[in-house]
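A.B. asks: Take a look at this one; I'll ask things after.
The values are calculated or read from the model by the stated rules, or taken from the named source; none is laboratory data. Treat the numbers as computed from the prediction; the structure is a model and nothing was measured. Here the Cβ is made from the backbone with ideal geometry for all residues, glycine too, and neighbour counts use every protein chain on show. Ligands, DNA and RNA are excluded from the accessible area calculation, which covers all protein heavy atoms including side chains. Shrake-Rupley method; radii C 1.70, N 1.55, O 1.52, S 1.80 Å.
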Amino acid sequence: MWSFMCANIFSGFYSRYVLRVVFSLFLAASCTHMASSQSVRGVVYSNDGIPLPGVNVTLSPASAEAESDPIKGAATDEQGRFEMGNIPEGVYTVRFSFIGFSASEMIVEIKQDVLELETTLNPLVIESDEIVIARNKATDLTADAHSIAILEPEDLAKVRGQTLGETLEQLPGITALKTGPSIAKPVVRGLHSQRVLVLNAGVSLEGQQWGGEHAPEIDPFAPVRIEVVRGVAGVEYGMGAIGGVIRLEPLDLPYLPDQGVSGQLSMNGFSNNLQGAGALYLQGAAKAIPGLGWRVQTSVRKAGDTHAPDYIVGNSAFKEFNGSVSLGLRRENYNIVGIYSRFSTELGIFSGAHIGNLNDLLRAIERGEPSNEGDFGYDIGLPKQDISHDLITVHGDFHLNSGHTFEAQYGFQNNHRQEFDAHGRGDVDSRNSKPAFDLSLISHSVEFKFQHNPTDHFVGVVGFNGLNQLNKNDASGFLIPNFRALSGGIFARETWVNENVSLEAGLRYDYRWVRAWPRENGTRGAFVKRVSDYSSFSGVIGGIWQFQPQWSIGANIGTGWRPPSVNELYNFGVHHGTAQFEQGNPDLDSERSLGLDATLRHYSPATRLEFSVYSTSFDKFIYLFPDPEPRVTIRGTFPSFQYVQSDAVLRGFDLSIDHDLIPLLTVGVQASMVRGDDRDTDEPLINMPADRLIPRLTFHLHESGSLKQADLHVEGVFVSKQTRIPPNVDYAEPPDGYVLLNMGISTTFSMRQTPISVNVEVQNALNTSYRDYLSRFRYFIDDPGRSVVLRLQVPIN
């Protein structure tokens with residue numbers, strides 16, 4: 001009865017009122033001017049424009065005599081904002097101080113209701129015998145108790161045009177689960193899919209993420225910054241963040257009309273598959289409506305078949321087209337941004353993985369390469385995938401009179417996925433063939449957050465998330481049944497911030513209700529209704545101690561949970577994207593994790609170090625396990641897997657070091673190791689990433705004429721053989737370890753006063769034949785060979 005009542009309440013809320021709420025927010029924001037008491041509020045930034053949390057702000061009467069005692073004080077919140085109220089008229093000194101930065105003061109006269117301030121703190125300049133550098137890393141020392149890896153805009157520009165999974169492989173602790181050369185899915189410390197949440201412009205990406213070859217539907221040119229939270233992060237982000245969170249941040253909109261129309265043109269070329277990629281965005285602010293900013297963006301990618309070192313991987317071409325429109329309105333007390341984006345792609349799948357019978361499958365695995373080398377081309381045949389993803393989101397933040405902040409966000413997503421098998425249905429022509437399965441997932445999400453005014457070193461937030469989903473299968477194949485799911489969560493998190501210590505604690509409660517219609521007996525029998533509901537708590541306690549100006553240590557212990565997804569419960573059939581037969585288990589229970597994470601950080605003028613160790617214990621861990629024998633179907637013979645559940649533990653470390661030996665040379669090392677074990681059988685878990693070591697040399701070249709900021713890098717990628725596997729469970733031995741050589745040069749030069757950024761990279765420079773253990777097609781083909789990549793970025797105005 002409780003499940004039925006909750007389902008109807010949630011469903012009614014979403015279907016009748018959510019659009020009215022969003023519309024009302026727009027009307028209220030556009031028509032209401034919020035009066036305020038006499039107060040001072042503002043934002044504190046670092047010298048590179050990043051908001052600084054935890055800055056101490058004090059207000060003292062300005063006096064020609066000795067320094068007066070402060071009469072007011074506050075600490076900036078996560079967005080760098082602060083507010084102090086109930087201040088008499090007069091002249092005051094406002095002082096800003098933060099560890100690792102030079103303190104700043106300003107004299108202000110308060111004689112109006114609200115005084116808005118904005119200031120920038122500069123990092124301390126630390127001198128050594130060899131080098132003098134001012135680096136803004138103090139924010140990273142105390143940014144978060146979690147282990148966080150970041151791709152800043154300048155780093156992201158050097159890897160543009162690749163999938164999200166390939167892009168994030170630049171970060172320690174992140175690998176990729178690959179299905180052929182065109183599909184890569186991020187793996188965070190051995191976890192992926194439903195255990196890693198992807199936030200796109202603040203909205204949790206909702207697609208068919210259960211599939212190992214279902215890469216996130218993300219325009220690779222859209223994010224300007226990517227942040228990865230490694231480890232349990234379920235308090236603020238919910239059930240899907242049991243393994244980590246990937247936050248994709250778009251470029252802020254311009255709101256000053258005197259800046260005119262600006263933008264950027266990006267162009268990429270890849271030699272291996274003759275891929276061409278490009279993106280263009282234009283943006284500006286309206287003169288007629290102060291505070292109204294806009295942006296339009298589009299990108300396209302098209303690639304032919306990939307070359308392994310010794311052959312062409314047939315039917316591995318792809319094409320992609322994306323676009324977005326953003327509109328924002330900024331006023332004194334509120335800011336509203338609306339975004340519409342569309343992602344669409346067509347991907348060819350290597351046909352050699354689709355085998356007709358058992359003997360052919362065994363021979364293909366033993367042969368280890370395609371039986372017939374194809375010709376290079378851009379045509380996409382069968383099997384293939386067609387995917388589109390539409391996102392509409394509206395986000396508003398409102399600064400209340402008392403200094404509190406209220407945020408609201410609504411998201412609509414329509415994910416449409418079609419997968420076609422190798423033999424075609426109805427017509428062998430790929431253009432007219434019917435899909436093996438045709439899934440549409442429609443999601444409505446809402447989020448409300450209330451952040452109280454920082455007082456007595458405390459910053460806190462409470463919030464609610466809600467999600468309503470409907471999945472519809474429009475094809476004859478029912479690998480995933482039709483279902484409706486409703487979920488909601490409430491959370492609270494409080495942080496205490498001092499000059500060199502911060503402590504945080506959070507608690508969350510989630511509820512999920514699912515009604516599905518699987519077949520009664522696998523692929524046969526009548527459809528039956530199955531209703532299930534799940535609920536539980538998540539929590540975290542953590543802290544950071546900056547024990548020296550250049551050193552900090554952060555630690556947290558968190559618990560999270562995740563209900564079994566619909567595919568894990570009811571899958572039954574051939575998953576054509578991965579060329580394997582998958583079988584669900586309707587008796588699965590929710591899995592729960594308990595994670596401990598500690599991170600040591602050091603940032604000095606010459607050295608940047610981050611070292612994280614972690615241990616995450618899972619009760620009732622859900623994973624795909626190979627069956628002893630392949631499954632023979634009317635569509636062919638395929639490796640067979642089923643979902644099982646066991647207690648497990650994952651342990652490991654991530655390491656990143658960069659050291660400036662001399663002003664012209666930086667030496668860096670990244671390393672990661674994951675150890676996954678089944679606690680019930682005392683055997684290793686299958687499909688864990690192999691150990692990885694990446695040493696790197698970066699040469700900083702002298703500026704010459706119009707040539708500026710030139711860097712030359714050389715790196716090796718050392719990946720060991722995965723020897724920690726359960727015995728006699730896989731269809732082939734794990735591939736050998738491998739060593740790759742990558743190199744590149746990036747620079748900026750001026751042409752008619754326009755700075756043009758150029759990046760040339762050689763991937764797998766020695767054209768090494770190799771197979772990664774996490775490649776889903778490692779049974780049949782090698783990974784890609786050498787590729788020369790050219791990237792250009794040209795700013796507009």
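A.B. asks: Over the chain, average the accessible area per residue using a 1.4 Å probe and give it in Å², no decimals. Spell out each step's value before the answer.
C.D. replies: Working: 33710 Å² over 797 residues.
Computed with neighbouring chains in place, this is 42 Å² per residue.
A.B. asks: May I pose another question? List, in the order given, every pair from LYS158/LYS721; LYS384/LYS721; LYS302/LYS434 whose Cα-Cα distance in the structure shown is over 26 Å. Intermediate results must be reported in sequence, preceding the final value.
C.D. replies: Numbers: LYS158/LYS721 29 Å; LYS384/LYS721 31 Å; LYS302/LYS434 24 Å.
Pairs exceeding 26 Å: LYS158/LYS721; LYS384/LYS721.
A.B. asks: Where in region 644-681 does the amide nitrogen come within less than 19 Å of the point 7 Å from the Cα of VAL739, taken along Cα to Cβ?
C.D. replies: 668-672
A.B. asks: Which three extents, in whole angstrom, do the alpha-carbon atoms of region 205-245 cover along their principal axes, largest first?
C.D. replies: Reported extents, whole Å, longest axis first: 29, 26, 14.
A.B. asks: Another question, then. How are the Cα pair distances of region 493-566 distributed, in percent, across 10 Å bins from 0?
C.D. replies: 16, 27, 19, 15, 12, 8, 3
A.B. asks: Let me ask something additional. What is the percent carbon and sulfur in the accessible area of region 643-703, measuring with a 1.4 Å probe over the protein chains and ignoring ligands? Please report the intermediate quantities before stating the final value.
C.D. replies: Details: 1690 of 2850 Å².
Carbon and sulfur together cover 59 percent of it.
A.B. asks: Could I ask something else about it? Along each of the three principal axes of the Cα atoms of region 344-422, give the extent in whole Å, ordering the values from largest to smallest.
C.D. replies: For region 344-422, the Cα spread along each principal axis is 73, 25, 20 Å.
A.B. asks: Would you tally the net charge around GLY463, using a Cβ to Cβ cut-off of less than 10 Å, leaving GLY463 out, and scoring K and R as +1, D and E as -1? Could the numbers behind the result be given before it?
C.D. replies: On the way: positive: LYS449, ARG493, ARG508; negative: GLU236, GLU407, GLU447.
Value of the local net charge: 0.
A.B. asks: If you don't mind, there's one more thing I want to ask. With no solvent and one point on each alpha carbon, what is the Debye value of log10 I(q)/I(0) for region 546-692 at q = 0.13, 0.16 Å⁻¹?
C.D. replies: After summing over all Cα pairs, the log10 values are -0.76, -0.94.
A.B. asks: Using DSSP to call loops (not H, G, I, E or B), can you name the chymotrypsin sites (Phe, Trp or Tyr not before Pro) in region 596-645 whose Cβ has at most 12 other Cβ atoms within 10 angstrom? Write out the running numbers ahead of the final one.
C.D. replies: Numbers: sites: TYR603, PHE611, TYR614, PHE618, PHE621, TYR623, PHE641, TYR643; in loops: none.
For chymotrypsin sites (Phe, Trp or Tyr not before Pro) across region 596-645 that sit outside H, G, I, E and B with at most 12 neighbouring Cβ atoms in 10 Å, the list is empty.
A.B. asks: Then there's this: Rg to Rh ratio, region 666-797, alpha-carbon atoms and Kirkwood radius?
C.D. replies: Taking Rh as the inverse mean 1/r over Cα pairs, Rg/Rh reads 1.14.
A.B. asks: List the extent of the Cα atoms of region 734-797 along each of their three principal axes, largest first, rounded to whole Å.
C.D. replies: The Cα atoms of region 734-797 stretch 53, 20, 13 Å along their principal axes.
A.B. asks: With the alpha-carbon atoms as the only input, what is the per residue convex hull volume for region 209-345 in Å³? Could you put the intermediate results ahead of the total?
C.D. replies: On the way: hull volume 20.1 nm³, N = 137.
Enclosed volume per residue, from the Cα hull, is 147 Å³.
A.B. asks: Once label points are set 7 Å from the Cα along Cα→Cβ at both ILE289 and ILE107, what is their separation, rounded to one decimal in nm?
C.D. replies: Each label point is offset 7 Å from its Cα along the Cβ direction, giving 4.2 nm.
A.B. asks: I need two numbers for region 289-329: Rg to one decimal and Dmax as a whole number, Cα atoms only, in Å.
C.D. replies: Rg, Dmax (Cα atoms, Å): 18.9, 60.
A.B. asks: What's the long-distance tail for the chain, i.e. % of Cα pairs beyond 49 Å? Show your work: numbers first, answer last.
C.D. replies: Working: 55469 of 317206 pairs.
The share of Cα pairs beyond 49 Å in the chain comes to 17 percent.
A.B. asks: Let me have the 222 nm mean residue ellipticity of the chain computed from DSSP H runs of 4+ only, each contributing -39500 (n - 2.57), with the sum over all residues rounded to the nearest 500.
C.D. replies: Numbers: 8 runs with 57 residues, N = 797.
The helix contribution divided over the chain gives -2000 deg cm²/dmol.
A.B. asks: Another question about this same structure. Can you give me the % of accessible surface on region 509-625 that is carbon or sulfur? Probe 1.4 Å, all protein chains present, nothing else counted.
C.D. replies: Working: 2620 of 4530 Å².
Carbon and sulfur together cover 58 percent of it.
A.B. asks: What list of ³J(HN,Hα) values in whole Hz, one per residue of region 536-552 in order, does the Karplus curve 6.51 cos²θ - 1.76 cosθ + 1.60 (θ = phi - 60°) give from phi, with Gly and Pro shown as x?
C.D. replies: Listing the rounded values in order: 5, 10, 10, x, 8, 9, x, x, 10, 10, 8, 7, 9, x, 10, 10, 8 Hz.
A.B. asks: Roughly what would the spin-label model give for LEU507 and LEU697, points 7 Å off Cα along C-beta, in nm?
C.D. replies: Distance between label points: 5.6 nm.
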